Amino acid sequence: MTTHEPVHSPTSSPSDKPDAREPGAARPNGKASRSRAGSAWVGICIAAIVVIALIIFLLQNRQPVLVTFLSLHGTVPLAVALLIAGIGVGIVALVIGTIRIGQLRRQLSQERRG
């Protein structure tokens, strides 16, 4: 049995391979590098799937429910009540996160000065 060794050309050199830092250059494993446009496309696709799921949720949960808030009473569709509650929680999380980020930035700027 004979083994075949790879044939190396005397004219080839490591510099003949494309540099991974060049735009459009393939990575060593054969995959193309990620781009902002590609990431935006994936984000748009995920957002579209979420919107479709939200529409289906709204259409399937139209039963009226009694809601009481600060001595106000009323009926709204179940999906709308849950959606408003979810948005409220998101706003609270954004406010708390914004306050915390502000604290960390002030702390970092004070450390840089002092």
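Below are the figures for this structure:
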item	result
Residues whose placed amide H lies under 5 Å from that of Ser33, excluding near-sequence neighbours	Arg27
Under-5 Å amide H pairs with Val65, H placed in peptide plane, nonlocal only	Val76, Leu78
Per-residue ³J(HN,Hα) for segment 68-75, Karplus 6.51 cos²θ - 1.76 cosθ + 1.60, θ = phi - 60°, Hz, x for Gly and Pro	10, 8, 6, 6, 9, 10, x, 10
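FYI, it's all coordinate maths here, none of it is from the lab. All values derive from a computational prediction rather than experimental measurement.
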